[in-house]
Amino acid sequence: MKPTQQIQFDKASFQTSVKKHLSSTYATTIEKASSRAWYLAMGRALAELTTFDLLETEQDERIRNAKSVNYLSLEFLIGRLTGNNLISIGLYEEVTQAMGELGQSLTDLLEEERDPSLGNGGLGRLAACFMDSLAAQEFPTVGYGLHYEYGLFKQSFEQGHQKEAPDAWCGVEGYPWEIARPDLAQEIGFYGHVEVVQDNGRELRRWVPGMVVKAMPWDIPIVGYQSNTVYPLRLWECQAIAPFSLESFNNGNYFEAQHALIDAGNITKVLYPNDNHEKGKTLRLMQQYFHSAASVRDILRRHEEAGHTLASLPKYETIQLNDTHPTIAIPELMRIFVDEKGMGWDEAWVICSKTFAYTNHTLLPEALETWSESLIQRLLPRHMEIIYQINHLFLKEVRAKWPGDVSKQRKLSIIQEGFHRMVRMANLCVVGSYAVNGVAALHSDLVKRDLFPEFHELYPTRLHNVTNGVTPRRWLKFCNPGLSQLITDKIGKQWAADLDQLEAISQFADDTEFQQQFMAVKKANKQRLADWVQDNMNIELDTNAIFDVQIKRLHEYKRQHLNMLHILSLYHRLLNDADFDMVPRVFIFAAKAAPGYHLAKEIIYAINKIAEKVNNDPRINNKLKVVFLPDYRVSMAEIIIPAADVSEQISTAGKEASGTGNMKMALNGALTIGTMDGANVEIREEVGDENIYIFGLEVDEVERLHASGYNPYLYYNADPLLKASLELLVGDEFTPGEVGKLRSTYDSLLDGGDPYLVLADFAAYVEAHEAIDAQYRDQQGWAKKAILNTALVGKFSSDRSIRDYVNNIWQLESVKR
Ligand code: 26Q
């Protein structure tokens, strides 16, 4: 077994380093330093330790000669790093003591760290878990992302309404864990035109950009758990080249040169706050190209510096595209090969299409990216030509496979015909990649069946499944120290590196003493959350109540409004049915709505108004509490997840590609109430039908209902409880004196046609909740189910996901240091 401490640690020199940073980096003294200054100085001192290993890893000849995966993602939702890195390098106790001797509590200092919120939700968090698992298992990797100045907006509530504020995550002092790499900066062009030059009878095409900006990389160390391997997460920041674009200025491209001034500072200014929805904004496309171009060049730089030939690129590098957001990397690599390296098209295409692989995260039509041909033409004229050429050759293949079938060509074409022609990024990805994967078994089946059936026929080995996972280091060991200790006491501590070992816990599921210990940990975690809610929201929670949790982005397909209707039904019954009894429940929500998503914001408002009334209504005798925690982010999830009894995973079947919060909560001993959607299906397979509450329509039933002409009024009229619950939204019950303020949800569910079948699933959902209520009354039975959830979800470690990618797609070897 490996030692738990790898990095050379000498307490006295560490303390000296902290003190040195206090004075020389943050210009303060031991006597005067604030907690924040102490945290920053400690962070810098720790980062020095990992930077050393980062540079060592970078120089390691065995790694330079091994195959690497380059994970390209516009989002990396890493969360706070200090506590997690201390666990990875095995110095948590040592640093607690070292800081204690300096009069500082490590726990308090860790609270000073702002979350780097460089992602929206699931997709960005997945990228962060994957980097953790790559480093832990020592697979050579570089994560490539963007260094946004502002991460996802900060959320607050004003009279129940969501308010957004900018998130300057770096603060004025900078983020202690990142290091600038000015030696690795790149120049990136936009706009301009294509020149044609004759070269020995060959026609060469060359892009002359009208504007050039600088891409400055910042490295964040990803520290491998129990290893001294440190791989970089490389985030590009856009800077203006001063003085701006003189060349275009002198060429007379005065207006294009102006773009440099207007746009350069803007490109990485802010993360787009939409998830599962695309908006074809120029600046977003500029972000995408900026990210792809800088990353591709850095990959080629590493490859060439290691002395490898261009033809051997796929032998040493694979490029994983996290959704279609970095698709433009494909034509960019083609452009470099053909225009800059003078390679022939066919050879370039063979190399290129053996290098890229693409992960699809959604089937929602509104989330499938398309970009207008005219925008690409203007911003990236040479790339548009290359896309035409890729499409031209691809359509030849289509015609060879289906001669004379024009509809096949129309459907598969990378260019969508119409008044405004659009480029379909997903089609470009499938054509230009050697592997395409969905993120859960059900989702991958639907990708084959509904999204890309013809591609599947054309390229029968290209489509794969890799079920998502979460890192057990952050999502159990770090966030739930109580449960972690309990597990370690029973089965030893290697589970955090090999989550399948958790299965051994199931032998204690019937053990009364273990059940009591398990439930005592849960109770303490609920108390920690209750304290947070008391301190920050002034709401008192009873930890004997069932903590029922739905935490995820706000979206109609995720159906927070179904949860809300259930709460309304309980409220109605408590007030109107003298025989109705229920175990006290605390409903916990946390969610951000995209600022432009009106209905999502209205649902937040409605839940907040309902909470206000219910929490203060003496008639219901504290049976019901509703809390909507503001500003959901990774560090909040770390407090909420260990405290969950019930995990709400209630999307309309077929809509949630995977989900990962479902995995985190099951791992922490929550029981899932969920539909047959995404990874819920596989969680059920692992934990067994008796340890999960599955309800509602399945994918084929959803399809049939839509096909037969779904009418929400049928359900409304047939179910008095549903009707009564809905009617609570149209009076002034929750907005005294202001009738109809919560109507939007009501209207969307009835006159709006209820696109996500909330009403159709309501009765089954209520029934599943009744079963949960009955089960909770039997605490031993509940404890057994909770323990089995923790014990049986080892499959959902992101270590396993990464091994699936490695074995089935990337074909890498790990390099042990
Ligand atoms: C696209 C174009 C323009 C602006 C923004 C976007 C954009 C940004 C983020 C589109 C989609 C996203 C994020 C999608 C996402 O988080 N999807 C989730 O991915 C998880 C990881 O695979 C899955 O578990 C979830 O089911 C899926 O919804």
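The values are calculated or read from the model by the stated rules, or taken from the named source; none is laboratory data. What you see is a predicted model, and the numbers here were worked out from it, not measured in a lab. Note: ideal-geometry Cβ built from the backbone for every residue, glycine included; neighbour counts use all protein chains shown.
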Considering only segment 211-225, I want to know if a residue exists there that is crowded, with 20+ Cβ neighbours inside 10 Å, at pLDDT below 95 and of a type in the set (Ser, Thr, Tyr).
no
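Which of the residues that make up segment 581-609 are part of a loop (DSSP other than H, G, I, E, B) and more than 18 Å from ARG633 (Cα to Cα)?
Result: ASP581, MET582, VAL583, PRO584, GLY596, TYR597.
Condition check ((1) within 16 Å of the ligand (Cβ to nearest atom); (2) in contact (Cβ under 8 Å) with a residue 12 or more places away in the chain; (3) out of contact with any Asp or Glu (no Cβ under 9 Å at 6 or more places or on another chain)) across all residues:
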| residue | (1), (2), (3) |
| --- | --- |
| PRO140 | no, yes, no |
| GLY143 | yes, yes, yes |
| HIS147 | no, yes, no |
| LYS154 | no, yes, no |
| PHE157 | no, yes, yes |
| TRP169 | no, yes, no |
| PRO176 | no, yes, no |
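For segment 712-817, please list each of the helices (runs of 4 or more DSSP H) lying entirely inside it that holds at least 3 residues being β-branched (Val, Ile, Thr). Walk me through how you get there before you give the answer.
On the way: elements: 712-718, 720-727, 743-749, 758-777, 779-792, 798-805.
Answer list for segment 712-817: 758-777.
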Please verify whether ILE376 is within 16 Å of the ligand (Cβ to nearest atom), among the hydrophobic types (A, V, I, L, M, F, W, C), surrounded by 16 or more Cβ atoms within 10 Å (Cβ to Cβ) and within 30 Å of the chain's Cα centre (by Cα), treating the condition exactly as stated.
yes
Consider segment 447-462. How many of its residues are of a type in the set (A, V, I, L, M, F, W, C) and either more than 16 Å from the ligand (Cβ to nearest atom) or in contact with a Phe, Trp or Tyr (Cβ under 6 Å, 6 or more places away or on another chain) (or both)?
3
Would it be correct to say that SER88 is more than 23 Å from ALA136 (Cα to Cα), more than 16 Å from the ligand (Cβ to nearest atom) and not β-branched (Val, Ile, Thr)?
no
Being within 16 Å of the ligand (Cβ to nearest atom), within 17 Å of TRP207 (Cβ to Cβ) and not charged (D, E, K, R): is that true of TYR289 here?
yes
For segment 626-652, which residues satisfy the criterion of being more than 13 Å from the ligand (Cβ to nearest atom) and either without any contact (Cβ under 8 Å) to a residue 60 or more places away in the chain or part of a helix (DSSP H, G or I) (or both)?
VAL626, VAL634, SER635, MET636, ALA637, GLU638, ILE639, ILE640, ILE641, PRO642, ALA643
Selection from segment 303-316 of residues buried (at least 18 other Cβ atoms within 10 Å of the Cβ) and over 15 Å from GLY432 (Cβ atoms) yields HIS303, TYR316
Kindly list the number of the only condition in (1) in contact (Cβ under 8 Å) with a residue 60 or more places away in the chain; (2) within 14 Å of the ligand (Cβ to nearest atom); (3) within 24 Å of the chain's Cα centre (by Cα) that fails for SER444.
(1)
Would segment 466-481 turn up any residue that is farther than 30 Å from ILE809 by Cβ, touching a strand residue (DSSP E or B) at 6+ places or on another chain (Cβ under 6 Å), in a loop (DSSP other than H, G, I, E, B) and not β-branched (Val, Ile, Thr)?
no
Could you tell me whether GLU173 is of a type in the set (D, E, K, R) and either under 19 Å from the mean Cα position of the chain (by Cα) or at pLDDT 95 or above (or both)?
no
Every pair of residues 6+ apart whose Cβ atoms lie under 7 Å, when the first sits in segment 111-125 and is in contact (Cβ under 8 Å) with a residue 12 or more places away in the chain and among the hydrophobic types (A, V, I, L, M, F, W, C) while the second is outside any helix (DSSP H, G or I) and more than 8 Å from the ligand (Cβ to nearest atom)
LEU118/PHE76; LEU118/LEU77; LEU118/ILE78; LEU118/GLY145; LEU118/TYR148; LEU118/GLY151; LEU118/LEU271; LEU123/ASN322
Of LEU554, LEU562, the only residue that is surrounded by 23 or more Cβ atoms within 10 Å (Cβ to Cβ), modelled with pLDDT of 95 or more, closer than 30 Å to ALA600 by Cα and more than 16 Å from the ligand (Cβ to nearest atom) is LEU562
Looking at ASN70, ASN120, can you tell me which residue is within 25 Å of MET286 (Cβ to Cβ), within 16 Å of the ligand (Cβ to nearest atom), modelled with pLDDT of 95 or more and not small (Gly, Ala, Ser)?
ASN120
Entirely in segment 117-214, the strands (runs of 3 or more DSSP E) that have 3 or more residues that are within 30 Å of ILE87 (Cβ to Cβ)
141-146
Can you tell me which residues in segment 752-775 are of a type outside the set (A, V, I, L, M) and surrounded by fewer than 20 Cβ atoms within 10 Å (Cβ to Cβ)?
GLY752, GLY753, PRO755, GLU767, GLU770, ASP773, GLN775
What pairs can you find where one residue is in segment 420-440 and free of Cβ contacts under 8 Å to residues at least 40 places away in the same chain and more than 13 Å from the ligand (Cβ to nearest atom), the other is in a helix (DSSP H, G or I) and of a type outside the set (Asp, Glu), and their Cβ atoms are less than 9 Å apart, with a gap of 6+ or different chains?
ASN427/ASN391; ASN427/PHE394; ASN427/LEU412; ASN427/PHE455
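One line per residue, one yes/no per condition, for (1) assigned to a helix (DSSP H, G or I); (2) modelled with pLDDT of 95 or more; (3) surrounded by 15 or more Cβ atoms within 10 Å (Cβ to Cβ):
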{"position": "THR16", "(1), (2), (3)": "yes, yes, no"}
{"position": "ALA37", "(1), (2), (3)": "yes, yes, yes"}
{"position": "GLY83", "(1), (2), (3)": "yes, yes, yes"}
{"position": "GLY103", "(1), (2), (3)": "no, yes, no"}
Within segment 325-373, the residues that are within 16 Å of the ligand (Cβ to nearest atom), buried (at least 22 other Cβ atoms within 10 Å of the Cβ) and β-branched (Val, Ile, Thr) are THR327, ILE328, THR359, THR362
How many residues of segment 658-702 are assigned to a helix (DSSP H, G or I), away from the ligand (no atom under 13 Å from the Cβ) and in contact (Cβ under 8 Å) with a residue 24 or more places away in the chain? The answer is 10
If only one of TRP475, TRP495 is within 16 Å of the ligand (Cβ to nearest atom) and hydrophobic (A, V, I, L, M, F, W, C), which one is it?
TRP475
